[in-house]
Ligand code: XIL
């Protein structure tokens, strides 16, 4: 604030003396110019938002319906975050009403919002065993037809957003808890090679897109994470164009700290970029219907967020693709519906106010 006052005084003096030699601008105009400078200067120097404070991109998964109708939600996205992921708008179920058609409107609106507000757009997700339109499950044909449909989807979607979406989750949630490949419909129809193929097709469609494999549960047991990491190391050896690993971190307050740092460090040991891609810290993992939010739980949550951010910030700089939170406030978190329970997993509460978790995230880089 003091710096700002000095700057303001300097501008006033500077502009006033300019105006003396200038017949055009009057004092009112000059003051207006100063007032405009004031806001932006203040933002850059004194505003401790996520995007102004964190030394890596900070993103959020957004719901387009809420973004359009709720200005307070929108304001938080604009003010706090510099990267956005589509919570659902870029999934196959949203983009593909039928085998021959594409519906771009909602995802295009997301991209437009991002362009207008200077946000990075993260593409989530090209190939996943869930959020599939009904016609995929009913799709008839042998290997060649499936491969053609799979390739067309990846190619059309990546090309549509070329130059707008900087990075993609090419493959989402492909691994089982024991570290083997999950038997998704893609694996059943195309064989285990579907993962390599997806990356090759995506890379051909946009050679400059940054390509990720993304999964959940990387911080729970070791088997799943190690299965994924080993698989990715094989991809690197085979020359598959993969750039990064996303660890979702849909996580919970009662998981020991060491599990998070171990997950991050083992993933980073591949040398690839690391994205914490869908983070929230649940306070009610036991799904107790009667649980109430307490200040103790809030403090524990803040400490967990702080620890994760600190561990992430300790990774090599060039591997820090960013941290993305999944949803904006506690009332729109997917966790509430998905687990049908009260929960408060995010840094903003249902009244759009910052929680201790917010400060925890900022403290993680101090
Ligand atoms: C979830 C969305 O948040 C929900 O709105 C939707 O109904 C189901 O998908 N892992 C992922 C995300 O990769 O796409 C999921 O998002 C959450 C789990």
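The values are calculated or read from the model by the stated rules, or taken from the named source; none is laboratory data. Values in this document were obtained by computation on a predicted structure and should not be read as measured data. Quick reminder, even Gly has a Cβ in these numbers, built from the backbone with ideal geometry, and neighbours come from all protein chains shown.
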- Provide a single number: the residues in the stretch 215-224 that are in a helix (DSSP H, G or I) and within 16 Å of the ligand (Cβ to nearest atom). 1
- Message: Within the stretch 227-258, take every residue that is within 26 Å of residue 87 (Cβ to Cβ) and more than 16 Å from the ligand (Cβ to nearest atom) and give me the one that is surrounded by the fewest Cβ atoms within 10 Å (Cβ to Cβ).
- Response: 254
- Note on the structure: When residue 178 is run through (1) away from the ligand (no atom under 16 Å from the Cβ); (2) farther than 30 Å from residue 115 by Cα; (3) part of a helix (DSSP H, G or I), the failure sits at (3)
- Item | Every residue from the stretch 259-290 that is touching a strand residue (DSSP E or B) at 6+ places or on another chain (Cβ under 7 Å), part of a loop (DSSP other than H, G, I, E, B) and more than 16 Å from the ligand (Cβ to nearest atom) | 270, 272
- Regarding residue 352, is this residue surrounded by fewer than 20 Cβ atoms within 10 Å (Cβ to Cβ) and touching a residue at least 40 places away in the same chain (Cβ under 8 Å)? yes
- Query: Hey, among the residues in the stretch 316-329 that are buried (at least 18 other Cβ atoms within 10 Å of the Cβ) and over 14 Å from the mean Cα position of the chain (by Cα), which one's farthest from the ligand (Cβ to nearest atom)?
  - Reply: 319
- Query: On the given criteria, is residue 69 free of Cβ contacts under 8 Å to residues at least 12 places away in the same chain and either touching a helix residue (DSSP H, G or I) at 6+ places or on another chain (Cβ under 8 Å) or surrounded by fewer than 22 Cβ atoms within 10 Å (Cβ to Cβ) (or both)?
  - Reply: yes
- Item | Check on residue 212, surrounded by 18 or more Cβ atoms within 10 Å (Cβ to Cβ) and in a helix (DSSP H, G or I) | no
- Among 186, 168, the single one that is under 23 Å from residue 101 (Cβ atoms), in contact with a strand residue (DSSP E or B) (Cβ under 7 Å, 6 or more places away or on another chain), modelled with pLDDT of 95 or more and in a helix (DSSP H, G or I) is 186
- Item | Single residue of the stretch 339-359 satisfying the filter (in contact with a strand residue (DSSP E or B) (Cβ under 9 Å, 6 or more places away or on another chain) and assigned to a helix (DSSP H, G or I)) that is farthest from the ligand (Cβ to nearest atom) | 358
- Note on the structure: Only unsatisfied item for residue 332, checking (1) under 17 Å from residue 56 (Cβ atoms); (2) in a loop (DSSP other than H, G, I, E, B); (3) within 16 Å of the ligand (Cβ to nearest atom), is (1)
- Query: So which of 302, 286 ends up being on the phi < 0 side of the Ramachandran plot and in contact with a helix residue (DSSP H, G or I) (Cβ under 6 Å, 6 or more places away or on another chain)?
  - Reply: 302
